[in-house]
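Q: The structure's right below; bear with me while I get my questions together.
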Amino acid sequence: MRLLHGTKEQGFTIVEVLIALTIFSIAVTGVITVAAQSGVSISKARNKLAADYLASEGLEAVRALRDSSVLANPGTESTTGWSSFRSAVSGCTGTSPCDVDVVTEGSFPALASLSTSCPTSLPLPGCSLYITMDGFYSNRNDTGRDPLSPYTREITARVLPSGDEIEVTATVRWLEGTSLQASIVTESLFNWYPDAP
């Protein structure tokens, strides 16, 4: 090295700079990859949580329909209300699923009756769900401006041979990229009201 004004020149060679940049690039790429994968995982978890909630909400609404049917005529035999509920859900089979709309005229939680006409505007089976102006999910687009959610929901019911038990299944589906995802919740509902004397 040449001395300039009595000092020794020091610095990095081009090879050292390239090696340092390569190491730095590899480290930054790893951090960016981890961050991107975390974002995808968070999105999947958020979608799964919303779907689980919507499936549970469907079962809760059917349970409320059962309770209101059974308690509709206090003092009468339990079979009147139970028969009414059983006939309401008997058409909700695997080939003809139903949905329950829990949003009625902007109030929550008002229970609408079972809807046997499920409008589906997504490439998924089940009733399309819209996000209302209040932020709730509904299978109706009353305003015509409610955005379509990525979810569909269908409810099926199967009356068991005893006649006092109905197995209800709520299925919520959505697309995660190109993969079809589903959240399925099943519950047995019983004729719980005691027979009148």
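Q: For segment 56-75, enumerate the residues that are modelled with pLDDT under 75 and either in a helix (DSSP H, G or I) or touching a Phe, Trp or Tyr at 6+ places or on another chain (Cβ under 6 Å) (or both).
A: Scanning segment 56-75 gives no hits.
Q: Might you let me know whether segment 148-163 holds any residue that is out of contact with any strand residue (DSSP E or B) (no Cβ under 8 Å at 6 or more places or on another chain), surrounded by fewer than 16 Cβ atoms within 10 Å (Cβ to Cβ) and in contact (Cβ under 8 Å) with a residue 40 or more places away in the chain? Let's see the steps before the verdict.
A: As a first pass, look at segment 148-163 and keep what is out of contact with any strand residue (DSSP E or B) (no Cβ under 8 Å at 6 or more places or on another chain): 161-163.
From what is left, the residues that are surrounded by fewer than 16 Cβ atoms within 10 Å (Cβ to Cβ) are 161-163.
Pick out the ones that are also in contact (Cβ under 8 Å) with a residue 40 or more places away in the chain and you get 163.
Yes - at least one qualifying residue is present in segment 148-163.
Q: Here's another thing I want to ask about it. Out of curiosity, is residue 119 assigned to a loop (DSSP other than H, G, I, E, B) and at pLDDT 80 or above? Lay out the reasoning, then the answer.
A: Details: assigned to a loop (DSSP other than H, G, I, E, B): yes; at pLDDT 80 or above: no.
When the stated conditions are applied, residue 119 does not pass them.
The values are calculated or read from the model by the stated rules, or taken from the named source; none is laboratory data. Just so it is clear, the structure is predicted and the values come from calculations on it, not from any experiment. Positions of Cβ are generated from backbone atoms using ideal geometry, with glycine treated the same way; all protein chains shown enter the neighbour counts.
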